[in-house]
Amino acid sequence: MTTNLSVSKSTVSDAHLRHLPVLEVPERLLLGPGPSNADPAVVAAMNRQPIGHLDPAYLALMDEVQELLRYAWQTNNQMTYPVPGTGSAAMEATLANVIEPGDRVLVGVNGYFGNRLVDMAGRYGADVSTIHRPWGEAFSLAEIREALETHRPTLLALVHAETSTGVKQPMEGIGALCREFNCLLVIDTVTSLGGVPIFLDEWQVDLAYSCSQKGLSCPPGMSPFTMGPRALDKLDSRKTKVANWYLDASLLRKYWGSDRSYHHTAPVNMTYAIREALRLVAEEGLEVRWQRHQATAEKLWAGLAEMGLACHVDKAYRLPTLTTVKVPNGVDAKAVTRLLLNEHNIEIGGGLGDLAGQVWRIGLMGSNSQSDRVDTLLAALGQVLKQVG
Ligand SMILES: Cc1ncc(COP(=O)(O)O)c(C=O)c1O
């Protein structure tokens, strides 16, 4: 019997594919909502050869990543590890593990990502209620208390850093409230990790998730996840299996814990990358890094004000990592982002959801949170605004 090794000529032609040039990528300054530019040291780490994902050298690397992540998040949670995938995968991991069909879940919605939490929680069978704030505002402790009293949820989900609005949710006191109401607390730190103070244990947060491509200056693809003892109790007392095999922490516990038993083939090079990104965080030190992000953001805010541009969020709740800038009346927001990209190689974001067309989103995250990046952006933005009139 002969094996047919010829490609069907009629369906897939390879003539042009054979002559595709080697990959080239334009050099951009990524000052939007993410991804941010990856630190060159992180890119260099990714470029190493993969090793086996059960190689003792790789297992040692996993330990380091876990320890570095605990530091970055300020938590002692044993169950702290990155999951393969982008921030949404880690978001899904937090919800999938602690939601059983019929569980009451309360979500604070003051932006686009609150709505994503609502959608995901519903898919795991939760009975979801919401509280709302206008896009650009944060929740008060009193509002949260009232909502916990009304809805009696088993899980409260909040977005610490709402990338669609640029709002930082104050966290003081919320964890204690959740304990009073016997409710777990999950927070989204996708746009805060590595750039904004986070104290998971002090804040009594039970579950959190993040991403690699923003404050950590790493490419997207490996996303931090953590769960504390109260969340683990919930996992261990489930009556139903976690409805997502890949993200099931009871299986992953054996892989990331002392057993090291095979669960999935780890994205080895992404582990190199996030390890290097987190090492850079530790080398700089969290406090210095947070101060750097705050100082760079304040320089941006002052520069925008000098140009007559206003921020969308009150300074008390403004994220240093992501600033929403009001589009002045009569200015074509999309023309500005297009010109910045095409003529200056700078990416900033447009408004998302309710804020579409009303704001631009400027990210100064990780190694892009530098004074000279602000100068470059403000100079380019000034030119572009003149061009568009
Ligand atoms: C606050 C927030 N949560 C969740 C996500 C989802 O992350 P990803 O796009 O990496 O899946 C994002 C993405 O920007 C985000 O900003």
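The values are calculated or read from the model by the stated rules, or taken from the named source; none is laboratory data. None of the values given here were measured: they were computed from a predicted structure. Reconstructed Cβ throughout: ideal geometry from the backbone, glycine too, with neighbour counts over all protein chains shown. Ligands, DNA and RNA are excluded from the accessible area calculation, which covers all protein heavy atoms including side chains. Shrake-Rupley method; radii C 1.70, N 1.55, O 1.52, S 1.80 Å.
Criterion applied to 122, 111 was being within 15 Å of the ligand (Cβ to nearest atom) and assigned by TED's automatic domain parsing to the domain that holds residue 252, and the one residue passing it is 111.
Screening the candidates 261, 250, 217 for the property of being of a type in the set (S, T, N, Q) and touching a Phe, Trp or Tyr at 6+ places or on another chain (Cβ under 7 Å) yields one hit, 261.
Listed by first and then second residue, the pairs linking a residue in the range 124-137 that is without any contact (Cβ under 8 Å) to a residue 40 or more places away in the chain to a residue that is among the aromatic types (Phe, Trp, Tyr), with Cβ atoms under 8 Å apart and 6 or more places separating them unless they lie on different chains, are 131/139; 133/139.
Within the range 52-71, is there a residue that is away from the ligand (no atom under 16 Å from the Cβ) and touching a Pro at 6+ places or on another chain (Cβ under 6 Å)? The answer is yes, given that some residue of the range 52-71 is away from the ligand (no atom under 16 Å from the Cβ) and touching a Pro at 6+ places or on another chain (Cβ under 6 Å). Of everything in the range 250-277 that is out of contact with any Ser or Thr (no Cβ under 9 Å at 6 or more places or on another chain) and under 30 Å from residue 292 (Cβ atoms), the residue that is most open to solvent (accessible area, probe 1.4 Å) is 275. For the range 14-39, the set of residues classified as open to solvent by less than 100 Å² (accessible area, probe 1.4 Å) and part of a helix (DSSP H, G or I) consists of 15, 17, listed by residue number. Residue 148 fulfils the conditions (1) more than 16 Å from the ligand (Cβ to nearest atom); (2) open to solvent by 20 Å² or more (accessible area, probe 1.4 Å) except for a single criterion, (2). Against the criterion of being of a type in the set (Phe, Trp, Tyr), part of a helix (DSSP H, G or I) and under 27 Å from residue 111 (Cα atoms), residue 360 does not qualify. Selection over the range 223-249 of residues that are of a type outside the set (Ser, Thr, Tyr), under 26 Å from residue 192 (Cα atoms), in contact with a helix residue (DSSP H, G or I) (Cβ under 9 Å, 6 or more places away or on another chain) and not in a helix (DSSP H, G or I) gives a count of 5. Is there any pair linking a residue in the range 237-255 that is under 15 Å from residue 227 (Cα atoms) and assigned by TED's automatic domain parsing to the domain that holds residue 60 to one that is of a type in the set (Val, Ile, Thr) and part of a loop (DSSP other than H, G, I, E, B), with Cβ under 6 Å and at least six apart or on different chains, and which? Qualifying pairs under 6 Å: 248/242. Among the residues of the range 190-230, those that are of a type in the set (A, V, I, L, M) and crowded, with 24+ Cβ neighbours inside 10 Å comprise 190, 193, 198, 200, 205, 207, 208, 216, 222, 227. The residue of the range 157-184 that is surrounded by the most Cβ atoms within 10 Å (Cβ to Cβ), among those that are within 16 Å of the ligand (Cβ to nearest atom) and part of a strand (DSSP E or B), is 162.
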